[in-house]
Amino acid sequence: MSATQEISTTSPIGRDTPRVDGPMKVTGKAQYTSDFHFPGTLYAVPVEATIANGRVVKLDTDAAEGMPGVRAIFNRENIGKIFRSTLGQGIEGICEERRPPFDDDLVRYYGQYVALAVADTFEAAKAAADAVRATYDKEMPNVETHLEAEDDPDSVATTFGMRNRLDSQRGDADAAFASAPVKLDQTYVTPAETHNPLELHATTAIWDGSTLTLYESSQGVVNLRGVLAQMFDLPKENVRVISKFVGSGFGSKLFPWTHCALAAAAARQLGKPVKLVLSRKMMFQTVGHRPRTQQRVRLGATSDGKLVSLQHDYIYHRSMLDGHHEDCGEATPFQYSVPNLRVTFGRARRNVGAAADMRGPGAVPGLYATESAMNELADRLNIDPVKLRVINEPKIDEGLGLPFSSRHLVECFELGAEKFGWSRRTSDVGSMKRDGLILGWGMAGCAWIAARFPAAASVELRDDGTVRVACATQDIGTGTYTNLAQLASHKTGVSLDKVEVALGDTSLPEGPLSGGSMATPSIVPAVLQAADNAIASLLSIAATTPGSPFENRKRDDLAFEDGRVIVKAGGSAAGVAFADLLRGANLRLVTGNGKSEATFGNPKPKFSTHSFGAHFVEVTWQPEIARLRVSRVVTVIDAGRILNPLAGRNQIEGAVVMGIGMALLEHTSYDPQNGAPINGNLADYVVAVNADAPPIEVYFLDYPDKEINEVGARGIGEIGLAGVAAAITAAVHHATGVRVRELPVKIENLLA
Ligand code: MOS
């Protein structure tokens with residue numbers, strides 16, 4: 001399956017590579033944000049609004065202020081100035097909730113912070129926060145689940161800038177739908193979902209004069225630094241953000257939230273380090289969620305299955321003040337060939353916290369809807385759902401009118417069908433059985449954007465034979481430490497155990513967000529260039545340093561191979577290890593810097609760059625006891641060259657498990673009386689766990705995508721979640737005959 005590659009036999013790229021940071025994690029040496037302790041640290045606990053719509057008329061802090069160990073109760077009178085931040089150029093100044101904390105007396109969602117208790121211990125701060133009495137002017141919140149698009153203009157402001165509500169259009173979708181021999185018109189609903197990374201959001205803020213250091217569990221330290229610099233009117237170089245280990249984020253830690261600013265402002269007022277760790281309940285209120293979506297999909301087709309019209313009109317909810325855009329139509333214009341298409345969106349305000357990116361934002365709910373519609377169309381036409389997709393495979397991206405950089409979706413379907421045994425499927429509902437269980441088989445395709453953020457990195461070759469690679473990106477548990485080490489090892493020939501990786505610190509060269517599945521593709525060119533530059537410096541030193549074994553050679557006669565400087569004409573055998581050369585020249589190290597540009601947001605791309613995949617799912621159904629299980633999954637992913645297949649398979653397996661949660665378990669419910677996320681805890685918000693995870697087979701096609709970077713590596717953090725829910729609901733229909741179009745599938749749906 002593997003295409004040609006020019007990667008040496010000693011390179012760790014493309015090899016199963018255990019996490020280089022694994023030993024630190026399992027021995028407890030890895031320090032997560034709240035593990036850092038500083039002398040004199042104070043603890044902050046926010047006071048959460050208990051209404052979702054209204055005004056704070058009185059804040060009684062007397063009792064709280066008098067409690068032992070309490071240093072301050074902050075509110076808008078005494079927190080000090082916090083400026084509003086604004087979007088910058090490119091990936092800069094991004095923030096999902098723009099309103100600075102305590103900016104006015106209005107409460108627009110349940111749990112909004114209205115005060116902050118700071119004390120010598122966490123327990124004292126919590127007791128004080130609980131003792132603050134807020135009096136409200138309260139109105140009924142709007143958390144209505146049915147969504148009607150509001151009267152927005154054609155172009156609206158979103159978190160990332162302006163967006164046209166007409167996402168994409170070609171041909172005449174209405175006319176083609178009206179005259180289509182076969183029509184499907186259905187609405188699919190996905191609920192609000194809440195990110196539940198194991199590690200809670202946490203901040204420790206420390207001021208030293210006019211410099212601010214923030215330890216934060218972050219997926220984007222560089223952006224966070226820029227936003228904080230704006231909020232506290234500091235030059236960027238006076239702000240340092242550190243995030244060494246992150247217990248996952250799923251998108252909720254991409255951009256700053258109000259607790260960061262509160263911790264920093266409290267630390268400024270008190271002149272001491274302040275630590276603020278969110279509760280699990282707060283995680284449901286103030287740090288984002290995937291918004292509810294309601295998506296109408298209309299498909300028109302010929303009787304032999306050729307699509308003639310596709311309309312995708314989606315509505316999502318948003319908070320009262322913010323414009324997170326849930327881009328459900330991201331994959332719609334290119335996934336299938338169809339001459340007539342229209343994709344539009346609308347928005348509906350609700351009294352909820354700001355929505356945010358959650359693993360596969362936009363395309364994941366979007367593909368649930370469009371892939372479900374494809375499965376329903378296949379059943380209506382009595383065509384195999386794999387075949388329906390192959391019939392409609394496009395030659396180019398018909399939305400952009402551009403060729404794909406690398407698309408092997410049909411091969412994903414074919415390989416997945418073969419590994420799953422799809423040809424044994426009988427299409428009648430309830431027709432397949434095993435061990436007394438009814439089987440349901442379903443499938444779906446998927447896609448996710450592939451692009452790069454801007455990135456810089458440095459590589460050092462050192463006199464003890466070690467290499468250091470540095471980049472201000474983050475490892476959110478996905479394997480970025482290992483990827484950086486692999487890339488440095490690949491270029492320098494130094495084994496992985498001799499590579500030191502530095503990341504998660506804005507004092508390093510500016511690296512990418514750990515988001516959009518773009519960290520890996522972004523760091524590749526920057527690190528490889530940095531290593532090349534370090535090697536170039538080394539060769540110059542070799543040729544020019546008095547006493548060097550290569551003193552009489554020209555720089556161009558020398559080459560670097562497997563950690564050694566050699567004379568090109570002399571072949572690989574001889575040579576001098578770089579550590580010996582550096583020691584001979586009395587140099588501790590040589591450094592190379594590398595930098596690469598963004599492709600994300602390029603207004604004039606030459607190719608459509610995406611990853612693709614296919615999921616094949618089996619469910620078992622026991623109607624006697626209403627027991628539904630996902631029993632088997634085969635997933636095939638076309639994501640370019642996989643740097644680390646071991647970690648890569650883990651990524652896809654984790655995404656598939658999250659897809660089981662999306663299809664069958666996860667939903668955030670808002671109480672219509674007070675607007676509270678009513679199931680805001682891990683007992684009532686049910687996520688898929690090990691017991692829900694079936695055997696999952698993951699295959700990578702491994703076609704390098706040289707448009708994305710020279711190694712051909714696209715990202716894989718999100719693609720594995722896309723499409724899973726559509727495959728599961730199709731399998732549920734195949735087993736039970738019930739078509740569920742509002743996630744998650746509930747047992748009561750199947751008893752109807
Ligand atoms: Mo992902 S939602 O870009 O962390």
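Bear in mind these aren't lab numbers, they're just calculated from the coordinates by the rules spelled out. These numbers were taken from a predicted model, which means no experiment stands behind them. Backbone-built Cβ (ideal geometry, glycine too); neighbour counts: all protein chains shown.
List every residue whose amide H lies under 5 Å from the amide H of VAL20, counting only residues 5 or more places away in sequence or on a different chain, with H placed 1.01 Å from N in the peptide plane.
Long-range HN contacts for VAL20: THR482.
Starting from the Cα of LYS606, draw a straight line to each of the aspartates and glutamates and keep only those under 13 Å, dropping any in the same chain fewer than 8 residues away.
Partners found: ASP397, GLU707.
Can you figure out the FRET efficiency of ALA569 with PHE160, using R₀ = 41 Å and their beta-carbon distance, to the nearest 0.05?
Using R0 = 41 Å, I get an efficiency of 0.15.
Could you order the peptides 376-382, 439-445 from most to least packed, using the average number of other C-beta atoms within 10 Å per residue?
439-445, 376-382
Spin-label point model (7 Å from Cα, Cβ direction): what's the VAL390 to LEU234 distance in nm?
5.9 nm
When a/c is below 1.5 the answer is rounded, else prolate if a/b is larger than b/c, else oblate, so apply that to the range 529-683 with a ≥ b ≥ c taken from the square roots of the Cα gyration tensor eigenvalues.
Here the range 529-683 falls in the prolate category.
Please find the FRET efficiency linking VAL576 to GLU597, where r is the Cβ-Cβ separation and R0 is fixed at 25 Å, and quote it to the nearest 0.05.
Between VAL576 and GLU597 the formula returns 0.10.
What whole number of Å gives the distance from the Cα centroid of the range 545-559 to the Cα centroid of the range 146-178?
64 Å
So, with +1 on the Cβ of K and R and -1 on the Cβ of D and E, and no other charges, what is the size of the charge dipole of the chain about its Cα centre, to the nearest 20 debye?
Numbers: 76 positive and 87 negative charges, 112 e Å.
The calculation lands at about 540 debye.
Tally the DSSP beta bridges in the chain and give the antiparallel ones as a percent, rounded to 5.
Given both bridge residues lie in the chain, the antiparallel proportion sits at roughly 75 percent.
How many angstrom lie between the C-alpha centres of the range 456-497 and the range 433-453?
Centre-to-centre distance over Cα atoms comes out at 35 Å.
For a footprinting-style exposure proxy, rank THR50, THR211 by other Cβ within 10 Å, fewest first.
Fewest-to-most Cβ neighbours within 10 Å comes out as THR211, THR50.
Quick one: which residues, 5+ away or cross-chain, put their amide H under 5 Å from the amide H of ALA134? H built at 1.01 Å from N.
It is ASP60, by chain and number.
With the cut-off at 1.5 for a/c, could you classify the range 29-124 from its C-alpha gyration tensor as rounded, prolate or oblate?
In terms of gyration-tensor shape, oblate.
Hey, got the Cα dimensions of the chain along the principal axes, in Å, largest first?
Principal extents (largest minus smallest coordinate, Cα): 85, 71, 51 Å.
Report the Cα centroid-to-centroid distance between the range 59-105 and the range 316-392 in angstrom, as an integer.
Cα centroid of the range 59-105 versus Cα centroid of the range 316-392: 36 Å apart.
Give the cross-link partners of LYS491 among the lysines, using a straight C-alpha distance below 17 Å as the criterion and excluding same-chain residues fewer than 8 apart.
Partners within reach: LYS595.
Distance in nm between label sites at ARG76 and SER210, each 7 Å beyond Cα in the beta-carbon direction?
Modelled inter-label distance: 2.9 nm.
Over 28 Å between C-alpha atoms is what I'm after, so list which of LYS275/LYS498; LYS29/LYS81; LYS183/LYS395; LYS236/LYS604; LYS29/LYS272; LYS126/LYS746 land there. Write out the running numbers ahead of the final one.
On the way: LYS275/LYS498 35 Å; LYS29/LYS81 38 Å; LYS183/LYS395 24 Å; LYS236/LYS604 31 Å; LYS29/LYS272 26 Å; LYS126/LYS746 37 Å.
Check vs 28 Å cut-off fails for LYS275/LYS498; LYS29/LYS81; LYS236/LYS604; LYS126/LYS746.
Using Cβ counts within 10 Å as a stand-in for footprinting exposure, how do GLU330, GLU123, GLU500 rank, fewest first?
Lowest to highest Cβ neighbour count: GLU123, GLU500, GLU330.
How about the range 33-95: which trypsin sites (Lys or Arg not before Pro) there are in a DSSP loop, with at most 11 other Cβ atoms within 10 Å of their Cβ?
When the trypsin sites (Lys or Arg not before Pro) of the range 33-95 are filtered for loop state and at most 11 Cβ neighbours within 10 Å, LYS81, ARG84 remain.
With θ set to phi - 60°, apply the Karplus curve 6.51 cos²θ - 1.76 cosθ + 1.60 along the range 174-188 and write out the HN-Hα couplings as whole Hz, x wherever there is a Gly or Pro.
These are the phi-based 3J(HN,Hα) values: 5, 5, 5, 5, 4, 9, 5, x, 10, 10, 9, 9, 9, 10, 10 Hz.
Once the dipole of the range 504-628 is set up with Lys and Arg at +1 and Asp and Glu at -1 on Cβ about the Cα centre, which of PRO509, GLY571, THR545 lies farthest towards its positive end?
Sorting the options by dipole projection puts first THR545.
List CYS260, CYS328 from most exposed to least, where exposure is judged by having the fewest other Cβ atoms within 10 Å.
Fewest-to-most Cβ neighbours within 10 Å comes out as CYS260, CYS328.
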